[in-house]
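The values are calculated or read from the model by the stated rules, or taken from the named source; none is laboratory data. Since the model is a prediction, treat every value here as computed from it, not as a measurement. Here Cβ is always computed from backbone atoms with ideal geometry, including for glycine, and neighbour counts include all displayed protein chains. Surface accessibility is based on the protein's heavy atoms, side chains included, excluding ligands, DNA and RNA. Shrake-Rupley method; radii C 1.70, N 1.55, O 1.52, S 1.80 Å.
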Amino acid sequence: MAINKTNHIVLRPKKEESLRRFHPWVFSGAVAQKPDNLREGDIVKVFSAGGEFLGTGHYQVGSITVRILSFTDEPIDTDFYVQRISSAYNMRTDIGLLRNNNNTFRLIHGEGDFLPGLIIDMYGKTAVVQAHSVGMDADKEKIASALQTVLGNEKLENIYYKSEGTLPFKADIESADGYLLGGKNVETTAIENGLKFNIDWLRGQKTGFFVDQRENRRLLEQYAAGKNVLNMFCYTGGFSVYALRGGAKAVQSVDSSSKAVMLTDENVKLNFGNDSRHTSYSEDAFKFLRESDKNTHDLIVLDPPAFAKHRGAVNNALQGYKRLNLAAFEKIQPGGILFTFSCSQVISKEQFRLAVFSAAAISGRKVRILHQLTQPADHPVNIYHPEGEYLKGLVLQVE
Ligand code: SAH
């Protein structure tokens, strides 16, 4: 088929199968023809070699050429975003996410909410919007306006746009980080399951908080009574604050970033004042575990950053998980509970479990799996895009 439209992309023969199964990515190897003057972020329409329309999406430079926004030939305008955002919001209210004294949740989880490249986290009346593609960056005004239509003034006072760290580094666009709405007298304390957290979306990692551990933190709270807890990679102290509410005897929080340790201390204070049960350390987790005595902790949390950000790093990452978990198995008190996580998207549940299994075997301890954890419902997985399942956790009892 000859290309006579500026925004038409034609695939090679037989390369349309994954799109027919609603997988939302077109890889560069599948593309037969594209117009020369396409700019990253442009809206494109994708056709099979036989000329059949397949979908509409954002054009990208790199191994993923198109991220499909719609499998129909509809305009990608403010209305489109209103529909997608209201469907996402309705799902979250229908399943009761905003009950239980909770105003912190992920409103849009990229492909999981059929909006590849877009993340929106809600902290009370503030939405933090993060674009992971140039197309979503280009659409930010439409997204901001759609958010206001869906949520209204009552539920939305501020929109903070934060994409400097997430847009492709080679993209030639100026970062426009800042408020798209409001920005004056902003309430920065968010509530998760009745606990308060001060969220620093301006300077913090990601959108300022790891919303995805909400349910796993609550599970930890149920295990915490009377325990000596060690929370490794604490960041803003989520697991520490829940452990303290759960009646832990003592909680130690560790993070290599002194800023993170400060945030943890602040959040502990916000909920419990000066609580002598809590101590924090700005140290490397591996070093801390190596130097800590055996049998001092009977509840350990390991929630490291993604050790593998791309496929090439998988083997090293698996070694990293093995080493880290081995250190915990060697130190945890008999009868202790280990919460261990991986948030690396490129590492499967099976690979992670195998790394933890190898660590357990080397330590020689008896280990039972009590829970297998994952991401919560406000981080949904699009059934056609299994790559979206990224958070894996095991709760282990170690004898
Ligand atoms: N558990 C946290 C999220 C962890 S994010 C929560 O529930 O919110 C990962 C954290 O690991 C970051 O804060 C980062 O500063 C820290 N980190 C990275 N490498 C580290 C290392 N080698 N030792 C200790 N902390 C590290």
(message) List the residue pairs whose Cβ atoms are under 9 Å apart, where the first residue sits in segment 320-336 and is over 29 Å from Lys309 (Cβ atoms) and open to solvent by 10 Å² or more (accessible area, probe 1.4 Å), the second is in a loop (DSSP other than H, G, I, E, B) and of a type in the set (Lys, Arg), and the two are 6 or more positions apart or on different chains.
(response) Gln333/Lys294; Pro334/Arg365
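So is Val346 open to solvent by 20 Å² or more (accessible area, probe 1.4 Å), aliphatic (A, V, I, L, M) and touching a Lys or Arg at 6+ places or on another chain (Cβ under 7 Å) or not?
Working: open to solvent by 20 Å² or more (accessible area, probe 1.4 Å): yes; aliphatic (A, V, I, L, M): yes; touching a Lys or Arg at 6+ places or on another chain (Cβ under 7 Å): yes.
It is true that Val346 is open to solvent by 20 Å² or more (accessible area, probe 1.4 Å), aliphatic (A, V, I, L, M) and touching a Lys or Arg at 6+ places or on another chain (Cβ under 7 Å).
Go over the candidates Glu192, Glu266, Glu283 one by one and state the one that is acidic (Asp, Glu) and more than 13 Å from the ligand (Cβ to nearest atom).
On the way: Glu192 fails: more than 13 Å from the ligand (Cβ to nearest atom); Glu283 fails: more than 13 Å from the ligand (Cβ to nearest atom).
One residue alone meets the criteria, Glu266.
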(message) Suppose we filter segment 55-83 for residues that are buried (at least 21 other Cβ atoms within 10 Å of the Cβ) and either aliphatic (A, V, I, L, M) or out of contact with any strand residue (DSSP E or B) (no Cβ under 7 Å at 6 or more places or on another chain) (or both); how many remain?
(response) 4
(request) Kindly indicate which of Lys349, Lys331, Lys366 is farther than 25 Å from Phe22 by Cα and away from the ligand (no atom under 16 Å from the Cβ). (result) Lys366
(message) What's the total number of residues in segment 236-257 that are in a helix (DSSP H, G or I) and within 11 Å of the ligand (Cβ to nearest atom)?
(response) 5
(request) Considering each of Val186, Val229 in turn, give the residue that is more than 12 Å from the ligand (Cβ to nearest atom) and open to solvent by less than 10 Å² (accessible area, probe 1.4 Å). (result) Val229
(message) Condition first: within 22 Å of Arg67 (Cα to Cα) and either open to solvent by 10 Å² or more (accessible area, probe 1.4 Å) or in a helix (DSSP H, G or I) (or both). Now tell me which residues in segment 383-399 satisfy that.
(response) Ile383, Tyr384, Pro386, Glu387, Gly388, Glu389, Tyr390
(request) Tally the residues that are aromatic (Phe, Trp, Tyr) and more than 28 Å from Val61 (Cβ to Cβ), restricting the search to segment 119-161. (result) 1
(request) Select from segment 200-226 the residues that are open to solvent by 40 Å² or more (accessible area, probe 1.4 Å) and either within 7 Å of the ligand (Cβ to nearest atom) or without any contact (Cβ under 8 Å) to a residue 40 or more places away in the chain (or both) and list them in ascending order. (result) Gln205, Phe210, Arg218, Gln222, Ala225, Gly226
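The rows are residues; the columns are (1) surrounded by fewer than 22 Cβ atoms within 10 Å (Cβ to Cβ); (2) closer than 23 Å to Asp212 by Cα; (3) out of contact with any Gly (no Cβ under 6 Å at 6 or more places or on another chain).
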| site | (1), (2), (3) |
| --- | --- |
| Met122 | no, yes, yes |
| Thr126 | no, yes, yes |
| Gly135 | no, no, no |
| Lys142 | yes, no, yes |
(request) Output the residues belonging to segment 178-235 that are closer than 19 Å to Ile337 by Cβ and assigned to a loop (DSSP other than H, G, I, E, B). (result) Ala224, Ala225, Gly226, Lys227, Phe233, Cys234
(message) Out of everything in segment 13-33 that is under 21 Å from Thr72 (Cβ atoms) and assigned to a loop (DSSP other than H, G, I, E, B), what residue ends up being least open to solvent (accessible area, probe 1.4 Å)?
(response) Pro24
(message) Condition check: modelled with pLDDT of 95 or more, in a helix (DSSP H, G or I) and within 18 Å of Leu302 (Cβ to Cβ). Does Ala260 satisfy that?
(response) yes
